[in-house]
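To keep things clear, I will list the structure first and then write my remarks on it.
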Amino acid sequence: MDLNELLEIAEKERQRAASVRIRCCTAAGCASSGAEEIKDRLEQSIKDAGLDNTVEVCSVGCMKFCGRGPLVEIDIPGVLYQQVSGDQVEAIVDALKQNKAAESGATPLDREHPFFTLQQPIVLENSGKINPERIEEYIAVGGYQNLYHVIHDMSPDEVVDEVTRSGLRGRGGGGYPTGLKWATVAKMPEGQKYVICNADEGDPGAFMDRSVLESDPHRIIEGMAIAAYAIGANHGYIYVRAEYPLAIKRLETAIKQAKRLGLMGSQIFDSPFDFKIDIRVGAGAFVCGEETALMQSIEGGRGNPRPRPPYPAQSGLWHSPTLINNVETFANIPAIVREGADWFASIGTEKSKGTKVFALTGKIRNTGLIEVPMGIALREIVEKMGGGVPRGEVKAVQTGGPSGGCIPAHLFDTPVEYDSLIQLGTMMGSGGMIVMDTETSMVDVAQFYMEFCRGESCGKCIPCRAGTVQMYQMLTKILRGEATLIDLEQLERVCGMVKATSLCGLGQTAPNPVLSTLRYFREEYLELLKDSPKAQGVASR
Amino acid sequence: MSVKTLTIDGVPIAIEEGTTVLEAARQNGVHIPTLCHLEGISDVGACRLCLVEINGSPKLQPACVTEVAEGMNIRTNTETLQDYRRTIVELLFAEGNHVCAVCVANGHCELQDLAIEVGMDHSRLPYRFPEREIDVSHDRFGIDHNRCVLCTRCVRVCDEIEGAHVWDVAYRGAALKVVTGLNQPWGAVDACTSCGKCVDACPTGAIFRKGSTVAEMERDRDRLEFIVNARKDHQWTR
Ligand SMILES: Cc1cc2nc3c(=O)[nH]c(=O)nc-3n(C[C@H](O)[C@H](O)[C@H](O)COP(=O)(O)O)c2cc1C
Ligand code: SF4
Ligand code: SF4
Ligand code: SF4
Ligand code: FES
Ligand code: FES
């Protein structure tokens with residue numbers, strides 16, 4: 001495979017594509033509301049109408065408005081239909097014939113809604129547009145050309161430098177500078193090195209990484225290959241949880257296709273660069289997202305974290321230097337190579353560059369996937385894009401999942417970036433964003449996350465294993481109205497201790513949802529205490 | 001061989017490169033409490049009792065797996081550390097069922113020693129009274145999970161010194177448990193050579209010799225170290 005052959009595939013694909021396309025989202029969100037059936041019926045209907053020469057029904061990845069699936073988009077007249085049901089299929093095909101929006105049944109979505117207009121797709125630029133199961137479509141939108149460019153026109157150091165200058169930070173939660181991580185692994189002595197894509201995504205309420213994998217798997221492969229070239233690795237692993245069967249299937253298909261075209265394997269693009277990727281399916285334990293546990297799991301052991309240092313960059317998989325990045329981190333790479341570091345660095349804020357994908361869920365009108373520039377105010381997301389809550393008022397937004405915390409409504413003007421969120425006592429996390437309304441009890445929320453951590457603790461270290469159980473019990477006691485101020489003090493003490501002494505990130509951050517709700521909604525805790533004036537008032541009434 | 005200079009609790013010391021903070025402290029007469037550490041087997045940094053403060057590091061570091069570095073300023077016994085250690089011991093007592101009065105290890109138990117050391121006379125955290133099993137299917141030994149603190153010393157000693165790998169860990173979180181074989185009764189595991197090394201390694205009365213009566217447990221901790229040294233340096237007498 002050389003560049004000409006690649007461009008030929010792209011050209012052929014562009015010519016092949018029918019003039020009119022009907023795109024059906026078949027990613028997990030829409031699939032769960034019957035998207036496959038809609039797609040089949042559309043195909044049949046098009047055939048019956050004798051349109052199959054000019055109209056093509058394509059299966060595509062997530063179109064972002066997951067809460068309104070199944071979604072169907074028609075190029076002409078440019079309509080995106082929501083909640084399409086089987087009996088609306090005829091009407092849609094009719095509308096297509098007459099070149100106008102359907103009137104009977106299917107409701108078009110307003111593409112001018114801030115939900116769409118405030119988005120800035122980089123990671124999701126192909127999502128919902130191309131068929132994730134056809135490599136030709138990825139190549140037609142410029143795919144694998146960045147890899148070619150990197151291999152032939154850049155030295156590994158130049159690639160690392162480009163990523164460093166882009167200011168990209170890890171999207172897996174911590175926000176560690178990606179370029180610095182790449183540089184560290186690149187500087188390790190030559191020899192066996194590995195690249196790992198962390199696609200474990202265990203946070204409750206999060207589905208960003210899954211969407212990227214399902215919608216644009218070749219993007220991850222290209223990103224990983226570029227990383228491998230930059231650091232001198234020849235072997236990569238994608239660690240993905242078994243709960244994501246569609247993502248696994250599409251990744252497998254993508255890897256097969258890339259191999260077939262010689263974009264994976266030995267001497268890629270007729271260069272000395274060799275690279276292959278294997279998929280490792282995890283059983284779905286939250287702790288296996290922690291990098292040292294993940295590597296243990298890939299090696300076939302029990303997914304237990306180990307103390308760091310040594311960091312994976314020094315001693316990772318089978319003691320070799322290993323680069324481990326999140327799905328979204330890798331997904332940014334092809335765009336950075338294509339458009340350049342300066343372009344990427346011009347998006348976002350001073351210390352948080354680029355965009356961030358969030359899974360917007362909870363008590364909100366518009367649930368779905370959003371990709372927004374860093375620095376956007378939380379208010380824009382919740383009120384404008386999300387359309388607020390259906391009933392009552394917005395009370396808080398939870399970010400960072402079990403490691404994060406809640407941001408109260410009065411702080412919604414805060415820009416969304418790594419450091420500002422940390423200052424508020426939460427974190428960017430991997431991108432779960434759960435909206436809560438005034439009916440939500442924050443103590444309940446804290447208990448929910450503690451229940452999660454209690455169940456997900458690997459059990460290796462005492463503070464996390466036994467501390468989370470104790471904290472959960474104290475929260476339950478508070479919720480039952482059986483606790484006193486002493487229990488609350490005890491809770492805070494144990495929170496601090498578990499945070500400071502746990503072995504891995506799970507335990508070190510498990511107290512965060514409690515601490516954050518205590519910080520902003522302390523009165524809710526106090527009201528539940530047995531000896532609080534308020535509770536006594538209730539008792540005597 | 002290179003030498004590092006550092007201070008432990010304000011006392012300057014010089015020590016060989018590659019030494020752990022724990023060894024450095026012990027060699028210089030500074031005591032740091034430990035539970036999952038056992039001389040002769042690998043360290044896992046799991047119990048967190050040996051955490052120390054190191055200048056320049058925002059996080060506490062486990063002394064058993066942290067190597068000394070030039071210029072380190074280590075504090076091993078600050079008030080914060082004392083408080084954390086006491087809470088860890090409380091968590092352990094609250095987690096299992098430790099009825100010392102009827103335990104073979106009474107008076108010879110590292111958990112008891114720790115409780116005394118950290119000044120724990122009662123647990124501020126409620127006891128959980130979990131339902132746990134006892135397995136006496138082995139001819140000579142038994143395990144009482146009520147007294148297990150999940151230090152995995154038995155797992156490591158059996159794997160690394162005896163080479164039998166009879167023990168392993170199963171489940172997670174509150175359900176975490178050491179198991180024998182493929183979660184079989186110990187007596188049914190053919191791989192066990194009945195060497196008794198796990199009995200010697202266990203810090204509490206969890207793994208015991210059958211027929212021992214209350215407070216009778218004696219362990220030969222030096223045996224493990226002896227075996228390791230014997231293999232390494234070919235010294236077969238002690
Ligand atoms: C308990 C725990 C769970 C984690 N889960 C994930 C995960 O699902 N996906 C992920 O990318 N990173 C996860 N992380 C963070 C990873 O350990 C690691 O920092 C990250 O994959 C590095 O990639 P990045 O630099 O691209 O963010 C988790 C960390 C902890 C402590
Ligand atoms: S903090 Fe929790 S998850 Fe991490 S090692 Fe300790 S017990 Fe396991
Ligand atoms: S007696 Fe020896 S072989 Fe048997 S479990 Fe204990 S250490 Fe392993
Ligand atoms: S049985 Fe003993 S040695 Fe094994 S984990 Fe439990 S306390 Fe530790
Ligand atoms: S899954 Fe169909 S729009 Fe997101
Ligand atoms: S002795 Fe160091 S963590 Fe247990």
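The values are calculated or read from the model by the stated rules, or taken from the named source; none is laboratory data. This one's a predicted model, so the numbers in the text were calculated from it and none came from an experiment. Here Cβ is always computed from backbone atoms with ideal geometry, including for glycine, and neighbour counts include all displayed protein chains. To get the accessible areas, we keep the full protein, side chains included, count just its heavy atoms, and leave off ligands, DNA and RNA. Shrake-Rupley method; radii C 1.70, N 1.55, O 1.52, S 1.80 Å.
Count the DSSP beta bridges whose two residues both fall in segment A:135-342, then state the antiparallel fraction as a percent rounded to the nearest 5.
10
Report in % the part of the accessible area of segment B:78-209 that belongs to carbon and sulfur, leaving out ligands and nucleic acids; probe 1.4 Å.
Answer for segment B:78-209 is 52 percent, counting heavy atoms of protein chains only.
Rule-of-thumb check for segment B:119-225: C-alpha Rg over 2.2 N^0.38 Å?
1.09
Cross-link candidates for A:Lys384: which aspartates and glutamates have Cα within less than 18 Å, leaving aside residues fewer than 8 places away along the same chain?
A:Asp110, A:Glu112, A:Glu371, A:Glu393, A:Asp413, A:Asp437
For B:Lys59, give me every one of the lysines with a C-alpha distance below 25 angstrom, ignoring sequence neighbours fewer than eight places off in its own chain.
Those lysines meeting the cut-off are A:Lys181, A:Lys351, A:Lys460, A:Lys499, B:Lys4.
Amide H neighbours of A:Gly405 under 5 Å, counting only residues 5+ apart in sequence or on other chains, H built in-plane at 1.01 Å?
Hits under the 5 Å cutoff: A:Thr399, A:Met427.
Projecting each Cα onto the charge dipole of chain B (Lys/Arg +1, Asp/Glu -1 at the beta carbon, about the Cα centre), which of B:Thr152, B:Asn77, B:Gly187 comes out farthest on the positive side?
B:Gly187
For segment B:170-217, list whatever residues lose no less than 30 Å² of accessible surface once every protein chain is in place, relative to that chain by itself, with the probe at 1.4 Å.
Those residues are B:Arg172, B:Gly173, B:Leu176.
Given a cut-off of 24 Å, name the pairs among A:Lys64/A:Lys259; A:Lys129/A:Lys276; A:Lys97/A:Lys129; B:Lys197/B:Lys232 whose C-alpha atoms lie farther apart than that in the structure shown.
Over 24 Å Cα-Cα: A:Lys64/A:Lys259; A:Lys129/A:Lys276.
How big is the gap, in Å, between the Cα center of segment B:59-108 and the Cα center of segment A:315-369?
Spelled out, the Cα-based centre of one part sits 39 Å from the other.
Could you tell me what percent of the accessible area of segment A:135-342 is made up of carbon and sulfur, with a 1.4 Å probe and every protein chain present?
About 49 percent, which is the carbon plus sulfur part of the accessible surface.
Among A:Gly262, A:Leu147, A:Gly232, whose Cα lies farthest out toward the positive end of the dipole of segment A:135-342, if unit charges sit on the beta carbon of Lys, Arg (+1) and Asp, Glu (-1)?
Among A:Gly262, A:Leu147, A:Gly232, the one farthest towards the positive end of the dipole of segment A:135-342 is A:Gly232.
If you count only protein heavy atoms with a 1.4 Å probe, what accessible area per residue comes out for the protein assembly as shown, rounded to a whole Å²?
Accessible area per residue, the protein assembly as shown: 40 Å².
Please compute, for the alpha-carbon atoms of segment A:135-342, the extent along each of the three principal axes and give them in descending order in Å.
For segment A:135-342, the Cα extents along the three principal axes come out at 41, 36, 31 Å.
For a test of the definition: using alpha carbon positions, the gyration tensor, and the 1.5 limit on a/c, classify segment A:219-334 as rounded, prolate or oblate.
oblate
Taking Rh as the Kirkwood radius computed over C-alpha pairs, what is the Stokes-Einstein D of chain B at 25 °C in a medium of viscosity 0.890 mPa s, expressed in µm² per second?
It diffuses with D of about 128 µm²/s by this estimate.
May I ask you to find the residues of segment A:491-534 that are shielded by at least 40 Å² of accessible area once the whole protein assembly is considered instead of their isolated chain (probe 1.4 Å)?
Checking the loss per residue gives A:Arg493, A:Met497, A:Ala500, A:Thr501.
From the square roots a ≥ b ≥ c of the eigenvalues of the alpha-carbon gyration tensor of segment A:396-477, which class results: rounded (a/c under 1.5), prolate (a/b over b/c), or oblate?
Oblate shape, in that a/c is at least 1.5 and b/c is the bigger or equal ratio.
Under the rule of at least 5 residues apart or a separate chain, name every residue whose amide H is placed under 5 Å from the amide H of A:Gly265.
A:Phe275, A:Lys276
Using only Cα atoms, figure out Rg for segment A:276-413 and give it as a multiple of 2.2 N^0.38 Å.
1.32
Out of residues 5 or more away from A:Cys25 or on other chains, whose amide H comes under 5 Å of its own, with H placed 1.01 Å from N in the peptide plane?
Amide H neighbours of A:Cys25: A:Val60, A:Leu71, A:Glu73.
Taking every pair of distinct Cα atoms and averaging 1/r, then inverting, what Kirkwood hydrodynamic radius in Å comes out for segment A:247-310?
Roughly 13.8 Å, rounded to one decimal.
Could you give me the percent of Cα pairs per 20 Å distance bin for chain A, shortest bin first, beginning at zero and ending with the bin that holds the maximum distance?
Histogramming chain A at 20 Å steps yields 21, 52, 24, 3, 0 percent.
Just to be sure I understand: if you take the accessible area of chain B alone plus chain A alone and subtract the pair, with a 1.4 Å probe, what total do you get in Å², rounded to 100?
2500
Among B:Leu81, B:Leu60, B:Leu176, which one shows the highest mean-square fluctuation when chain B is modelled as a Gaussian network with alpha-carbon springs under 10 Å?
Maximum fluctuation in the GNM of chain B, among the listed residues, is at B:Leu176.
Let me spell out the model: positive unit charges on the Cβ of Lys and Arg, negative unit charges on the Cβ of Asp and Glu, origin at the Cα centre of segment B:171-222. What dipole size does that give, in debye rounded to 20?
240
With no other cysteine's Cβ closer than 4.7 Å, which Cys residues of chain B count as lacking a disulfide-compatible partner?
Flagged as lacking a Cys partner: B:Cys50, B:Cys64, B:Cys100, B:Cys103, B:Cys109, B:Cys148, B:Cys158, B:Cys192, B:Cys195, B:Cys202.
Please state, rounded to one decimal and in Å, the Kirkwood hydrodynamic radius that segment B:3-77 gives when every pair of distinct Cα atoms enters the mean of 1/r.
Every distinct Cα pair counted, the radius reaches 12.2 Å.
Antiparallel as a % of all DSSP beta bridges within the protein assembly as shown, to the nearest 5?
60
About its Cα centre, what dipole magnitude does chain A give when the only charges are +1 on Lys and Arg Cβ and -1 on Asp and Glu Cβ, stated in debye to the nearest 20?
So the dipole magnitude of chain A works out to roughly 1340 debye.
With charges set only on the Cβ (+1 for Lys and Arg, -1 for Asp and Glu), what does the dipole of chain B come to about its Cα centre, in debye to the nearest 20?
Using Cβ point charges on Lys, Arg, Asp and Glu, chain B gives about 300 debye.
Given only helices, namely DSSP H runs of n ≥ 4 each adding -39500 (n - 2.57), what is the per-residue ellipticity at 222 nm of chain A, to the nearest 500 deg cm²/dmol?
About -13000 deg cm²/dmol.
May I ask you to give the average projected area over all directions of the convex hull of the Cα atoms of segment A:443-528, in nm² rounded to one decimal?
4.6
Given a cut-off of 18 Å, what percent of all Cα-Cα pairs of segment A:355-437 lie beyond it?
In whole percent, the share of Cα-Cα pairs in segment A:355-437 beyond 18 Å is 29.
Among rounded, prolate and oblate, which fits segment A:179-240 when a ≥ b ≥ c are the square roots of the eigenvalues of its C-alpha gyration tensor, a/c under 1.5 means rounded, and a/b larger than b/c means prolate?
Prolate.
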